[in-house]
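The values are calculated or read from the model by the stated rules, or taken from the named source; none is laboratory data. Just so we're clear, the structure is a prediction, and the values are computed from it rather than from any experiment. Because the Cβ atoms are built from the backbone with ideal geometry, glycine has one as well, and the counts that use them run over all protein chains shown. Ligands, DNA and RNA are excluded from the accessible area calculation, which covers all protein heavy atoms including side chains. Shrake-Rupley method; radii C 1.70, N 1.55, O 1.52, S 1.80 Å.
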Amino acid sequence: MRKAVLTLAFLLSVVMVLLYSIHSGDGAAGRGKSEQNYRMKSLLGENSSVSYQAGTPYKIVIDPGHGGKDHGATGASGKFEKDFTLQVARKVEELAKQEQLIEVYLTRSDDRFMSSVDRERPEIANQLGADLFISIHGNTYEDPGVSGTETYYYEDSQFLAEIMQKHVVQTSGFRDRGVKKEDFFVLKDTNMPAALIEMGYLTNPQEENEMLTEDFQYRVASSILDGMIEALNLK
């Protein structure tokens, strides 16, 4: 009888140890995932498409503005905005390969025309189920003295615009023209937080001269990556 009691007590001890292990192991992992989701929902809003899954990279769509027959702005030197935006986007893609939790997709990787009528740019992001959408541009104005960086958002994406503006301005040293709300289709038609960055004025000779250098482009590409990391709460 005593032997049976001891055996039963031993089995109960084993069961208790197993239950504790499950609770403190998988249970902790589950709590960690839930806490990350809670932080992201607080940051991005309850309707955000961002949902953390441990080990699953976030999908970020980088949109190089213009392309093909759509040259965008013509800079002070006669060079086109479409080429500048693609150069920066490629550098963001290159640098992002060092981040395990980020996967970058480009809406175009070459000099290709993308019709605004077909809404192809936001549709690419929506079909991917992307977590963030960032459109890269160079600005233009008839007065060559106008300068600076500004970032646009629509509806619930102000937080993303503010983060991207902060990082790009800190890196570029250009005048801070702030963040502004606009209903650009690339912002309005995306199902995820989206921002459109006007890096600087290509029609300003001094800014264009800097914007077209490899050094500047790598630096602002790195600042865009830093902004993405902050927006996703990965730092």
Practice problem: Take each of the peptides 194-200, 181-187, 219-225, average the number of other beta-carbon atoms within 10 Å over its residues, and list them starting from the highest. | Solution: 194-200, 219-225, 181-187
Practice problem: Keeping all protein chains in position, work out how much accessible area residue 113 exposes to a 1.4 Å probe, and write it in Å² to the nearest 10. | Solution: 90
Quiz item: Where does the range 182-235 land on Rg(C-alpha)/(2.2 N^0.38 Å)?
Solution: 1.39
Quiz item: Excluding ligands and nucleic acids, what accessible area in Å² is computed for residue 80 using a 1.4 Å probe, to the nearest 10?
Solution: 70
Self-check item: Heavy atoms of residue 180 accessible to a 1.4 Å probe, total area in Å² rounded to 10
Solution: 70
Self-check item: residue 56 versus residue 209: modelled label distance in nm, points set 7 Å from Cα along the beta carbon direction
Solution: 5.0
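Just the Kirkwood number for the range 85-161, please: inverse of mean 1/r across all distinct Cα pairs, in Å, one decimal.
Result for the range 85-161 stands at 14.8 Å.
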Quiz item: Running Debye on the range 104-235 with equal point scatterers at the Cα sites and no solvent, what base-10 log of I(q)/I(0) appears at q = 0.12 Å⁻¹?
Solution: -0.46
